[in-house]
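**Q** To start, I am sharing the structure in question, which I have written as C-alpha cells.
The values are calculated or read from the model by the stated rules, or taken from the named source; none is laboratory data. A quick note: this is a predicted structure, and the numbers were derived from the prediction, not measured. Cβ sites come from the backbone with ideal geometry, for glycine too, and all protein chains shown count toward neighbours. Remember, those area values only see protein heavy atoms, side chains included, never the ligands or the DNA or RNA. Shrake-Rupley method; radii C 1.70, N 1.55, O 1.52, S 1.80 Å.
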Amino acid sequence: MRFIVYNMRYGTGTGWRFHLPFPFSGYLRPTERNLRRIIRLLKSLDPDIIGLVEVDNGSYRSNGFNQASVIATQLGFDHVYESKYAERSFARHMPVMREQGNAILTNQRITAQTCHYFKKGVKRLVIELEFDDFAIFLVHLSLNFRHRQYQLGDLYALFRDVKKPMIVAGDFNVFWGRRELELFLGATHLLNANTEGWPTFPSNAPKRQLDFVLHSPSIQVNYFDVLHVAFSDHMPLVCDFEIREAAQAAAVHAH
C-alpha cells in the first residue's frame with residue numbers, strides 16, 4: 001500500500017517570486033498551472049492513498065474548482081474534503097480562507113469517515129478514515145506552540161480507543177524540533193516512518209522536519225522517502241506499508 005502526504009500550499013507554488021510584489025502575495029495567484037504539475041507527480045508515484053494538506057475548495061485561485069476533486073478525478077479516486085476551520089470560526093466567513101481545507105484521496109474502500117475539530121487553534125481539522133484493516137488520521141497542527149500541545153493531547157484522545165492499526169500523518173508544524181513530539185510518541189507508542197530524520201521544509205533548502213507519517217507498531221514500513229520537488233514550500237512524503245500480520249502471513253506462505 002502506497003501512502004503519500006503532501007502540504008501542497010493550495011497549489012500556489014513557492015520560490016522567491018512567491019513574495020513579489022509583496023510578502024506572501026503568491027497566495028493570491030491562480031493555481032491551475034502548478035496544480036497540473038502536482039497531478040503529474042502524483043500520477044507518476046502510483047499511490048493508493050493521498051493525504052493533502054492545504055487544498056483550495058474553489059476560490060478564484062482554482063477557478064471555482066475543488067482541487068481535491070480535480071486530482072481525484074484525474075486519478076480515478078474517491079476523496080473526502082473538509083474545511084480546516086471549525087464551523088463557528090471567523091475564517092469560515094473570510095474570502096479565500098473559507099475555501100481552504102484538507103483532503104484524503106484513495107482508491108481503497110472506505111468503511112467509515114469522520115471529521116473532528118480540535119478545541120484550540122485556528123486550524124483545527126482532523127480527518128479520520130477507516131479502511132478494512134487500518135485507520136488514517138490527517139492533521140495540520142497550529143503554528144502556535146501552546147495550541148499545538150493542546151491539539152496533540154486532543155489527538156491522542158481521538159484515537160485512544162481505536163483498535164485497528166493506524167497512521168497519523170500531516171503537517172505537524174513542530175518548529176521547535178522533533179522533541180515537541182516525544183511525549184506524544186511515548187504515550188501513543190506510534191513510530192516515525194522517517195527514521196533518518198530527513199527534513200521536509202522548506203523545499204528550496206530543507207532544514208526542518210515538519211511533516212510526518214507516524215504509525216502503529218503493527219504497521220510495517222517497507223519504503224519511505226521525501227521527494228525533492230518544489231511545487232510547494234513543503235515536500236511530499238512517500239510511504240509504502242503493510243499490516244505486519246499480513247506481511248508475516250505472506251512470508252510464511254512463501255516458505
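**Q** Where a ≥ b ≥ c are the square roots of the eigenvalues of the C-alpha gyration tensor, would you call the stretch 64-179 rounded, which needs a/c under 1.5, or, failing that, prolate if a/b is larger than b/c, or oblate?
**A** oblate
**Q** Further question: Suppose only helical runs count, i.e. DSSP H with n ≥ 4. What mean residue ellipticity at 222 nm does that imply for the chain under -39500 (n - 2.57) per run, divided by all residues and rounded to the nearest 500 deg cm²/dmol? Each step should come with its number before you reach the end.
**A** Details: 5 runs with 56 residues, N = 255.
Counting only the DSSP helices, I get -6500 deg cm²/dmol.
**Q** Quick check for me: using +1 on Lys/Arg Cβ and -1 on Asp/Glu Cβ, what's the dipole size of the stretch 32-188 about its Cα centre, in debye to the nearest 20? Walk me through the numbers before you get to the answer.
**A** Numbers: 22 positive and 18 negative charges, 119 e Å.
In debye, rounded to 20, the stretch 32-188 gives about 580.
**Q** In addition: From the square roots a ≥ b ≥ c of the eigenvalues of the alpha-carbon gyration tensor of the stretch 139-255, which class results: rounded (a/c under 1.5), prolate (a/b over b/c), or oblate?
**A** Note, shape of the stretch 139-255 comes out oblate.
**Q** With an 8 Å cut-off on Cα pairs and a minimum separation of 6 or more residues, tell me the relative contact order of the stretch 146-255 in percent.
**A** Here the relative contact order equals 24 percent.
**Q** I need the Kirkwood Rh of the chain: take the reciprocal of the average 1/r across all distinct C-alpha pairs and report it in angstrom.
**A** 18.5
**Q** Quantify, in whole percent, the carbon and sulfur part of the accessible surface of the chain (1.4 Å probe; protein heavy atoms only).
**A** In the chain, the share of accessible area belonging to carbon and sulfur is 52 percent.
**Q** Hey, another quick one. Quick one: compute the contact order of the chain, relative version, from alpha carbon pairs under 8 angstrom and 6+ residues apart, as a percent.
**A** Relative contact order here is 19 percent.
**Q** So what is the diffusion coefficient of the stretch 1-85 in µm² per second by Stokes-Einstein at 10 °C and 1.306 mPa s, using a Kirkwood Rh over Cα pairs?
**A** Working: Rh = 13.4 Å.
Here the translational diffusion coefficient equals 118 µm²/s.
**Q** Still on this model: Would you please give the FRET efficiency between residue 120 and residue 160, computed as 1/(1 + (r/R0)^6) with r the Cβ-Cβ distance and R0 = 22 Å, to the nearest 0.05?
**A** For R0 = 22 Å, the calculated efficiency reads 0.75.
**Q** Taking a threshold of 31 Å on the Cα-Cα distance, which of the pairs 43/120; 163/207; 119/164 fall above it?
**A** 43/120; 163/207
**Q** Would you mind getting the accessible area per residue of the chain, heavy atoms of the protein chains only, 1.4 Å probe, in Å²?
**A** Details: 12520 Å² over 255 residues.
Normalised by residue count, the accessible surface of the chain is 49 Å².
**Q** Does anyone have the angle between helix 32-45 and the longest principal axis of the chain? Alpha-carbon axes, 0 to 90°, nearest 10?
**A** It works out to around 10 degrees.
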